[in-house]
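Have a look at the structure below, then the notes.
Each value in this text was obtained by applying a stated rule to the coordinates, not by laboratory testing. What you see is a predicted model, and the numbers here were worked out from it, not measured in a lab. Cβ atoms come from the backbone with ideal geometry, glycine included; neighbour counts cover every protein chain shown.
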Number of protein chains: 2
Amino acid sequence: MNRTYKLVLEYDGSDFHGWQRQPGDRTVQAELEAVLGRLFGGPVPVIGAGRTDTGVHALGQVASFRAEDKHPLETVQRALNAMLPADIRVRSVETAEDGFNARRRASRRVYRYVLSRAPLAVGRQYAWHPRCRFDVDAMAAASECLKGLHRWTAFCKRDPEEDRYESEVHSVRWEAEADTVRFEITAVRFFHHMVRILIGTLVEVGKGAMTPADFRAVLESGDREKAGPTAPPNGLFLVRVEY
Amino acid sequence: MNRTYKLVLEYDGSDFHGWQRQPGDRTVQAELEAVLGRLFGGPVPVIGAGRTDTGVHALGQVASFRAEDKHPLETVQRALNAMLPADIRVRSVETAEDGFNARRRASRRVYRYVLSRAPLAVGRQYAWHPRCRFDVDAMAAASECLKGLHRWTAFCKRDPEEDRYESEVHSVRWEAEADTVRFEITAVRFFHHMVRILIGTLVEVGKGAMTPADFRAVLESGDREKAGPTAPPNGLFLVRVEY
């Protein structure tokens, strides 16, 4: 008998060309499918909730696949963790209802971006240090306008498969502790480079090159040219996917 | 004119064969001396407060050296950070009194060891996940006996240059937060592998293979054979050096 599996995955994106399988590149999906193929003795295509880019990390990526129910769930988790490389860990394995699809069924995704005020040696893979001072209060004030339903064309890379670029942001949260600043954003869905362009633009606000009102005007303009640069991938984490 | 410099350094030990210069190996001291040599136009031997081993990290290693006072301190810091590899950062540069020696003048050193209850992908370079459950309360109870002046032969690797193996531990502190457990120990000085053997043995207590009374008996025996295994280097951090 086959069943549908739901995996929660953590990975360090530093040495991956992102989530999605592509010939010749080391990707999380390809590593996972290779190991599942060995475990189940045949090809096992996997669906991921979020297609993280090169260098982006995940604390709670969700993946689904169909395969035989010949092993207990705990055995599957142990076997996967024994076979997977150290930069991917399976956090949990569950049975999902038939037809469950990790991408299409996701109702909310939570991303975190980590900024550091100081240059880091320890943990430099997991934070971006902009080479300027930045005012988090100004950035937090500017980010208030992100909540709600918007068209995100100012804050994403064009995608030939996309036409509406609409999504609702449920919450935006800031946390500062010593030299570390964490930005967390929850939305129904995210577009390509969205969090990284938001952060790149919010840092412009933080360093005083843009006001919160300018920032809102960028959002309303829908014009990518008016937004800031794309922040580096290593500060970004897919934290959680909700269903 | 020459002056004595005091640097505070952070480094990610993952890709270093430790602090100390040795032919053919990538070490923190060798990288730092190479860059200082370029900056000051001649050899600049450096003294480090703690000789961290291969794979051990530092948040606040202290190094001293003598060199010309031709650059302002801020310029030295900026130049060093521009020239050093990304896994070493200079946190501060100060002038010290003549004759200051980062190793001999140190009065206390603070080390941290980070344990994780869960296997990690993100941050696996910075914590050890023992493959067993462990009871932190038992470990903390056992570690109380470490405070004070002791001979540490049970908890260190033999060192031909050492004869007394005596040092005073000022404090021992535990902190648990989600799946992460942090152990912090302050002492006048530490011997080779001391914190790692302490942790390896405390994990034996944590998993119930040893009682706190057994642990104290190991300390009193002075016998390395009675202690546990040496914990891996990647969970260890030289946090701070006091003068």
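Brief remarks follow.
- Rounded to 0.05, the FRET efficiency of the B:Met83 and B:Ala176 pair, given R0 = 41 Å and the Cβ-Cβ distance, is 0.55.
- Percentage relative contact order, chain B, counting C-alpha pairs under 8 Å, at least six apart: 25 percent
- A label point on B:Glu220, set 7 Å along the Cα-to-Cβ line, lies at 7.7 nm from each of its counterparts in the other copies, closest listed first.
- Residues of the stretch B:181-197 with amide N under 16 Å of the 7 Å Cα→Cβ point at B:Arg108: B:184-190
- Diffusion coefficient (Stokes-Einstein, Kirkwood radius over C-alpha pairs, 37 °C, 0.692 mPa s) for the protein assembly as shown: 130 µm²/s, rounded to a whole number.
- Taking amide H atoms as placed 1.01 Å from N in the peptide plane, the amide H of A:His129 lies under 5 Å from those of A:Ser116, each 5 or more residues away in sequence or on another chain.
- Average beta carbon contacts from partner chains per residue of B:122-134, 10 Å cutoff: 3
- The distance from the alpha carbon centre of the stretch A:133-160 to that of the stretch A:167-243 is 5 Å, rounded to a whole number.
- Cα centroid of the stretch B:83-104 to Cα centroid of the stretch B:1-71, whole Å: 7 Å
- Cα gyration tensor category, rounded, prolate or oblate, for the stretch B:2-96 with a/c compared to 1.5: prolate
- Shielding of peptide B:112-121 by partners, expressed as the average count of other chain Cβ atoms within 10 Å per residue Cβ, is 3.
- Antiparallel DSSP beta bridges within chain B, as percent of all bridges there, nearest 5: 95 percent
- Antiparallel bridges, percent of DSSP beta bridges restricted to the stretch A:108-242 (to nearest 5): 95 percent
- Calculated mean residue ellipticity at 222 nm for chain B: -7000 deg cm²/dmol, from DSSP H runs with n ≥ 4 weighted as -39500 (n - 2.57), summed, divided by the residue count and rounded to 500.
- With label points set 7 Å from Cα along Cα→Cβ, the inter-copy distances at B:Arg104 are 7.5 nm, sorted shortest first.
- In this simple spin-label model, placing a label point 7 Å from the Cα along the Cα-to-Cβ direction at both A:Ile47 and A:Ala118 gives a separation of 4.6 nm.
- The mean number of Cβ atoms from other chains found within 10 Å of a Cβ in peptide B:86-92 is 3, as a whole number.
- Karplus (6.51, -1.76, 1.60) ³J(HN,Hα), θ = phi - 60°, over the stretch B:139-144, in Hz, Gly and Pro reported as x: 5, 5, 4, 4, 6, 4
- Spin-label pair B:Arg38-B:Arg158: with each label point 7 Å from Cα along the Cα-Cβ axis, the two points sit 4.3 nm from one another.
- Taking amide H atoms as placed 1.01 Å from N in the peptide plane, the amide H of A:Arg91 lies under 5 Å from those of A:Val8, A:Leu9, A:Glu10, each 5 or more residues away in sequence or on another chain.
- Volume per residue that the Cα convex hull of chain B spans, once the total is divided by residue count, Å³: 132 Å³
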